[in-house]
Each structure stands twice: as structure tokens, then as C-alpha cells.
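Read through the structure below, which is laid out as C-alpha cells, and then see the notes.
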Amino acid sequence: MTLINELNKKSAGKSPEEIIKLAYEKFGSKLCFSSSMGVEDQVITHVICSVNPKIKIFTLDTGRLFPEAYDLIDRTSVKYKITIDIAFPSSKEVEKMVHEKGINLFYDSVENRKECCEIRKVKSLTKKLKNFDAWISGIRKEQSDYRSKINVFEWDEKNGLVKVNPLIDWTEQQVYTYVEKNNIPVNPLHFKGYKSIGCQPCTRAIEKDEDFRAGRWWWESGHKECGLHIMENIKLKK
């Protein structure tokens, strides 16, 4: 039985608290949490601080976030008395990209948008994960077709480590019920129609009948992923 299969078997029917405890028992200080500061990730931050505050928490600052996101980083740090590490993209790569293609290059083509995501987000994540053997994310199955195929534990082929998804089977209602019950700070934009929050120029509020991620890169068609969680980079380890 592979490590991934073994962990998925042990995590079956377990709560997020129990899943994170299981992950820490296996990976110890080599386990980290990459937070987008979205509502799901705020739930995970609360769980981590309740279960084991030694787990490293970091977030990615692309340089194009909403002001509310920066405020939330501060409010979360104060509430839980933790230091959230902030990863920044390469200033040289950002400067070169903007100089060659413009400050809002992502509106011009899908290729440009993917390049911007790669430089501002994906490379920053990849660099941070090099120091760990496993990372936690807040993705859920109902967020997209891509994510509906993901298990609690996965092998992240691109980054070469285990990925842990404690909320993968949770519904949106479960998330917000947990938030209210535990008085967890969240981005106020979530209550203004922003289901999924990314960079400010690339995110809009959605209507009630729209897909969960319709507000991300709304001028594009097709799947709505930046490259951090895309299914092609996640495979079960044989």
C-alpha cells in the first residue's frame, strides 16, 4: 500500500482537525499551510492554531491583492497571535514582464494571464514548498469539476510532495457555519458576492446562479485555475 493510499484510508470519515493531526504526526515540521486568506483557508488557520500552532503558515502576496486581503492578514495575525509568513514574487521577473507586456497584460490573452499567474503566484509557491514534504490547502470538491476528483491526500507531482486537503468534502454551508460558530475573521468581500478571491484586477463578484469561480478571470472561457491547484499537477503516487 502506498503512503498516499494509507493516509487516505486513515483519514476516511475524519474531521479537518483529525486530518491535520494525522498529517502532522506523519510529517512534523516538514508540514506547512499555504493560505490564500479565503474563507476556507481561514477555517484551516483556526484549526491549525487550535490543534498545533507549530505548523508553518504562509501566504502569497502577488502585489495586486485587494486592500481587504492585506487587512485580513493583519487581523488574523493579531487574533491568533501568530506570524503569517509572506512570500513575494521575484521583483526582477515582475519588472521585466510589466515592461515588456504592460501592467494589465492579463486582459490581452490567456497566455499572458497564465504568465502573470506563474510569475506572481506559482513560482513563489514552488520556492516556499522546496523546504517541506507536505502542504495543506483549503480546496473543496464542489468548487469546480477539476477539484471534484481530488482526495484528502494527494501526490503533488509538480512540487514533489504530499498535498493535504482537510476540507475537500465540506460544503460551503459547512464552512460558513464553522466560521460563525468560532468567530473566525474573514474577508468582507465574501459577503458582497465574491465567492473566490484572487488578485483585484482579475476578480469580480458573481451572481447567485453563476459558477463558484465565475468571478475569476471572467473574460476567459474554460477552467478557472491559476496553476496552484490544477489537476494535471496532482497525481496519485503509485
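The values are calculated or read from the model by the stated rules, or taken from the named source; none is laboratory data. As the structure is a prediction and not an experimental result, all values here were calculated from the model. Positions of Cβ are backbone-derived with ideal geometry, glycine not excepted, and every protein chain shown enters the neighbour counts.
For segment 177-206, which residues satisfy the criterion of being hydrophobic (A, V, I, L, M, F, W, C) and either farther than 27 Å from residue 104 by Cα or assigned to a strand (DSSP E or B) (or both)? Hits for segment 177-206 are 179, 184, 186, 199. Please count how many residues of segment 51-75 are polar (S, T, N, Q) and either touching a helix residue (DSSP H, G or I) at 6+ places or on another chain (Cβ under 6 Å) or modelled with pLDDT under 95 (or both). Residues in segment 51-75 being polar (S, T, N, Q) and either touching a helix residue (DSSP H, G or I) at 6+ places or on another chain (Cβ under 6 Å) or modelled with pLDDT under 95 (or both): 2 in total. Considering segment 157-167, the residues that are buried (at least 20 other Cβ atoms within 10 Å of the Cβ) and either of a type outside the set (A, V, I, L, M) or at pLDDT below 95 (or both) include one that is farthest from residue 73 (Cα to Cα), namely 163. Residue count for segment 39-67, restricted to those that are buried (at least 16 other Cβ atoms within 10 Å of the Cβ), of a type outside the set (Phe, Trp, Tyr) and either touching a Pro at 6+ places or on another chain (Cβ under 6 Å) or part of a loop (DSSP other than H, G, I, E, B) (or both): 6. Scanning segment 174-210 for residues that are within 20 Å of residue 149 (Cα to Cα) and either touching an Asp or Glu at 6+ places or on another chain (Cβ under 9 Å) or surrounded by fewer than 20 Cβ atoms within 10 Å (Cβ to Cβ) (or both) turns up 174, 175. Residue 29 - would you say it is loosely packed, with under 15 Cβ neighbours inside 10 Å, among the polar types (S, T, N, Q) and at pLDDT 95 or above? Taking the combined requirement at face value, the residue satisfies it.
Might you check whether a residue that is closer than 21 Å to residue 56 by Cβ and either touching a strand residue (DSSP E or B) at 6+ places or on another chain (Cβ under 6 Å) or modelled with pLDDT under 95 (or both) occurs anywhere in segment 212-231? Looking through segment 212-231, at least one residue is closer than 21 Å to residue 56 by Cβ and either touching a strand residue (DSSP E or B) at 6+ places or on another chain (Cβ under 6 Å) or modelled with pLDDT under 95 (or both). Determine whether residue 92 is in a helix (DSSP H, G or I), over 28 Å from residue 142 (Cα atoms) and of a type in the set (D, E, K, R). Here the answer is yes, as residue 92 does meet what is asked. Each residue in segment 96-142 was checked for being over 29 Å from residue 28 (Cα atoms), touching a Phe, Trp or Tyr at 6+ places or on another chain (Cβ under 9 Å) and buried (at least 20 other Cβ atoms within 10 Å of the Cβ), and 3 of them qualify. In segment 134-152, the residues that are modelled with pLDDT of 80 or more and in a loop (DSSP other than H, G, I, E, B) reach residues that are of a type in the set (Asp, Glu) and surrounded by fewer than 21 Cβ atoms within 10 Å (Cβ to Cβ) with C-beta atoms within less than 9 angstrom, at least six apart or across chains, in these pairs: 140/169; 140/172; 152/169.
Of the set (1) loosely packed, with under 14 Cβ neighbours inside 10 Å; (2) closer than 28 Å to residue 120 by Cα, all apply to residue 15 but (2).
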